[in-house]
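The values are calculated or read from the model by the stated rules, or taken from the named source; none is laboratory data. It should be emphasised that the depicted structure is a prediction, and the values quoted were computed from it without experimental measurement. In this analysis, Cβ positions are derived from the backbone assuming ideal geometry, glycine residues included, and neighbour counts consider all displayed protein chains. What goes into the accessible areas is simple: the full protein's heavy atoms, side chains included, and nothing from ligands, DNA or RNA. Shrake-Rupley method; radii C 1.70, N 1.55, O 1.52, S 1.80 Å.
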Amino acid sequence: MSQRVVDKIDGIVHDISNLVKSKGFPELPVDRNPPFGDFALICFPAAKSLKRNPNDISEEIGKEIQENDWIISAKNENGYCNVSIDWNKICVDFIDEISKSNYGKGDIEPKNILIEHTSANPTGPFHMGRARNPIIGDSIARLLGYYGHNVSTEYYVNDTGRQAATLAHGIAEYREGEEKKIDHALVEYYRSASDSLKNDESVRNQIYEKMELIESGNKEALNEVKTAAEKMLEGMKVSLRELGAEADNYYHESDLIATGKVNIVIDQLKKSDLCSEEKGAYYLDLEKENIAGRNQKFFFTRDNGLSLYTTRDIAYHIEKFKKYDRALNILGEDHKLQSKLLGIALREINCKIPETLFYSFVNLPGGKMSTRAGRVVYLDDIMQQITDLAMQKLGEIEDKEKLAKQIGIGALRYNILKVQAEKGFTFNIEEALNLQGDSAPFAMYSHARAASILRNFEKKLPKPDVESELEESEIRLLRTLSKWPEIVRKSVENLAIHYIPNYAHTLASDFNQFYRDCPVLGDQNEGFRINLVMCSKKILNENLSILGIEAPERM
RNA sequence: GCCCGGAUGGUGUAGCUUGGAAUCACAGAAGCCUGCGGAGCUUCAAACCCGGGUUCGAAUCCCGGUCUGGGCGCCA
C-alpha cells in the first residue's frame, strides 16, 4: 500500500458512502469526529425521507458495511451508525508515514512571508499586556515555516514622534553603570521627561522643536532619536530573547523619513480621488468607505506639510511588499480601525494590503493594566517568577537551571497560546504558574517519558511489525496521530495558533494512557510499540517546537 | 451615538467557518504506586446570556435584545 494512510481513510469513508447509496439509501451526512470509532453515518435525514425509524436504518446500514474488509465494526447508537476501521491492517504503513520528515507539513508552493509582530514603542520594559503579541507572532511564524513557507519576522520601531522625542530628551541625562537591566533603568528617565513635558514649558518647547526637526528630516535629530530608541531596545531585546521570540529584523520608522520614502507616499496619496485639503493639511475623505465615527477625514499630512505616523506606516508597507509575497501583522485590537484605514490608503495607491491577526488586550484580575495607576506587571518579572517555580519543582538533575527556564518559559507561552487570540484574556498569575493539567509541562513530561523508553530500548529501531491485536489505547493514539496534518492545515489557513496547544494536550494525554495500558519493552508487540513511541515523541516534539517550547529528553 | 469583537459547568476554556451524541483543564468528592519516569491514570458531580425564527435536528445559521472588551485620528 503506497497510498497515504490519511487518504486511505478518506477513501474508505467515500467507498462506504457510495455503498450505502447503491443500496438505495439517500446520501447520509458523515461525522468524522465521532465519540466512538472512526466515523459515523447520521441516519436522521434518511429517516425523514424514507419515513422509517432512524435506529432501524442505522442497524440495516451497519450490517451492509460490515462486509467491507477495512471495517472492523459498524454499530447503531441512537440513529448514528458508528464505524470503526481495522487499524491492525493499516497501522504498519501508518507508522512508516509518520516517520517521514514531511508528515504534517503542507504540500504547497512556498511563499515569502513577512510577519510583523510586537513593534511596541521603545519607551520602557514590556508589560504582560503586550506579551500576547510576541508570543503569538513568533509561534505563527514558526507554524508557517513548519508548513513550508519562507518566513521572516520584523519589529517596527516607532522612533519618531512625541514619545521618541521625549525619550531622547530624558535619557540625555542617563549615565552608564546602573545595576538595573537597561530598559528598567531608562524608563525612569523617560517618565521624568514625560512629567516635565506636562509641567515645564521650556521642556515642552524643546521636545516639540525636536519633533519638528525629526519630521522635517533633520539628520542629526533623526540620529538622536534612533540612538535613544536603540538603547532602550537593547534591554527589551533581552526580554524577547528570553521568551524565545526575538524578531529577525528591526525596521526603524526614522529611516523612512531619512530616506525620503514618506514624501513619495504623500505625493502619491495626493493623486487619489478621495484626497482633499483643509487649511493646508491633506486627508482622504472616507465618507463613502463606510468608516465609522464622526470624523471620516483620514489625515496624512499636518498643516505644515509634514507626515503623520500613519503616513509612515503606509510607506513601510510599500517597502514590505517590494520584498515579500505576503505580509501579516500581529496587532492589538486597538489597531483595528487604524489597520482598516491603512488598507484603504494602500489600495488607493495600488499596493497590496497586509493580512492582520488581532488579539484582545490582556487584563489583570482587578481590571485594566495601567502604568499611571501603578497596575503594571512586567514580562521580565513574570518570566522570573515562573522560572523560579519550575526550579523548586525540579529534583536533582543535570542542567537544572536551563531546564527550569525551558519549563517556565514554555508554561508561559503555552498559557497564552492555548486561548483564541480574539478572546479577552485576563492574566492570572496563579493559573499561569499551575504546571499541571493543560499546560506545557504536561506535554513536555509525556515527551520525556517517551524519550526515556527509547533510551532504555538501547537498540536500533526495528521494523514496526504487529504480532498481536492492537489495544484500544493504541488505536486511540494512532487516531490522534492521524489528525495532525489536518490540525496544522486548519491552523495555517485560519491563522489560529490555539489549535496547536490543544492538540498537544490531546496527544500527550493519549500517550499517557497508552503508557499506562501497554508495556513496551519486553512485550511481544515491542517492535510495533517502540515505533509508536518514536512517532508520538516526534509529533509532540514538532508540535512544541511550533509553539516555541523546548522538548527536553529528561525533566 | 456609531463601528468591530466577545459571552459555554464554581473558575478558565474547546467546539461556531462546514448545523448532528457538548471538549479539556483547574478547584471539589472517591480511588490507583512490587510496572518502560506519579508533573501521571481511573471514577463521580457540574455549563451553551435572554427572546423569537429556519430545520428531522441549533452552542453553531438568521432576526431582535442584554451584558462586556476595543475603537471613533492634524495622537502614536
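Overview of values
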| quantity | calculated |
| --- | --- |
| Selection from the stretch A:135-147 of residues that are within 16 Å of RNA strand B (Cβ to nearest atom) and either over 21 Å from A:LEU379 (Cα atoms) or more than 16 Å from the chain's Cα centre (by Cα) (or both) | A:LEU143 |
| Top-ranked residue in the stretch A:436-474 [being near RNA strand B (Cβ under 8 Å from one of its atoms) and of a type in the set (Lys, Arg); ranked as most open to solvent (accessible area, probe 1.4 Å)] | A:ARG455 |
| Complete set of residues in the stretch A:148-167 that are within 13 Å of RNA strand B (Cβ to nearest atom), under 23 Å from A:HIS317 (Cα atoms) and outside any loop (DSSP other than H, G, I, E, B) | A:TYR156, A:VAL157, A:ARG162, A:GLN163, A:ALA164 |
| Residue pairs meeting the criteria (Cβ under 7 Å; at least 6 apart or on separate chains; first surrounded by 24 or more Cβ atoms within 10 Å (Cβ to Cβ), in the stretch A:111-132; second of a type in the set (Ser, Thr, Tyr) and assigned to a loop (DSSP other than H, G, I, E, B)) | A:LEU114/A:TYR324 |
| Residue under evaluation A:TYR208, criteria (1) within 34 Å of the chain's Cα centre (by Cα); (2) among the aromatic types (Phe, Trp, Tyr); (3) open to solvent by 60 Å² or more (accessible area, probe 1.4 Å), criterion not met | (1) |
| Filtered residues of the stretch A:309-351 (kept if free of Cβ contacts under 8 Å to residues at least 24 places away in the same chain and either open to solvent by 40 Å² or more (accessible area, probe 1.4 Å) or under 16 Å from A:HIS117 (Cβ atoms) (or both)) | A:LYS322, A:HIS335, A:LYS336, A:SER339, A:ARG347, A:ASN350 |
| Failed item, numbered, when A:CYS535 is tested on (1) near RNA strand B (Cβ under 8 Å from one of its atoms); (2) of a type in the set (A, V, I, L, M, F, W, C); (3) open to solvent by less than 10 Å² (accessible area, probe 1.4 Å) | (1) |
| Failed item, numbered, when A:ALA404 is tested on (1) open to solvent by less than 10 Å² (accessible area, probe 1.4 Å); (2) in contact (Cβ under 8 Å) with a residue 60 or more places away in the chain; (3) touching a Lys or Arg at 6+ places or on another chain (Cβ under 9 Å) | (2) |
| Qualifying residue in the stretch A:373-390 (condition: farther than 22 Å from A:THR118 by Cβ, open to solvent by 20 Å² or more (accessible area, probe 1.4 Å), in contact (Cβ under 8 Å) with a residue 40 or more places away in the chain and not assigned by TED's automatic domain parsing to the domain that holds A:GLU242) | yes |
| Hey, A:LYS288 farther than 29 Å from A:ILE409 by Cα and either among the aliphatic types (A, V, I, L, M) or surrounded by fewer than 20 Cβ atoms within 10 Å (Cβ to Cβ) (or both) or not | yes |
| Filtered residues of the stretch A:494-529 (kept if among the β-branched types (Val, Ile, Thr) and within 8 Å of RNA strand B (Cβ to nearest atom)) | A:THR506, A:VAL520 |
| Flag for A:VAL30 being of a type in the set (A, V, I, L, M), surrounded by 12 or more Cβ atoms within 10 Å (Cβ to Cβ) and modelled with pLDDT under 95 | no |
| Residue list for the stretch A:47-84, restricted to those being of a type in the set (A, V, I, L, M) and part of a helix (DSSP H, G or I) | A:ALA47, A:LEU50, A:ILE57, A:ILE61, A:ILE65 |
| Filter result for the condition that a residue is farther than 18 Å from A:SER194 by Cβ and either open to solvent by 10 Å² or more (accessible area, probe 1.4 Å) or assigned by TED's automatic domain parsing to the domain that holds A:ASN415 (or both), over A:TYR146, A:TYR155 | A:TYR146 |
| Where A:PRO54 falls short, out of the listed (1) under 33 Å from the mean Cα position of the chain (by Cα); (2) farther than 30 Å from A:LYS226 by Cβ; (3) open to solvent by less than 60 Å² (accessible area, probe 1.4 Å) | (1) |
| Qualifying positions in the stretch A:103-147 - under 30 Å from A:THR227 (Cβ atoms) and part of a loop (DSSP other than H, G, I, E, B) | A:HIS117, A:THR118, A:SER119, A:ALA120, A:ASN121, A:PRO122, A:THR123, A:GLY124, A:PRO125, A:PHE126, A:ALA131 |
| Residue match in the stretch A:420-428 (condition: away from RNA strand B (no atom under 12 Å from the Cβ), in a loop (DSSP other than H, G, I, E, B) and modelled with pLDDT of 90 or more) | no |
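Residue-by-condition table, conditions (1) within 9 Å of RNA strand B (Cβ to nearest atom); (2) surrounded by fewer than 16 Cβ atoms within 10 Å (Cβ to Cβ):
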| site | (1), (2) |
| --- | --- |
| A:GLU355 | no, yes |
| A:ASN363 | yes, no |
| A:LYS368 | yes, yes |
| A:GLY410 | no, no |
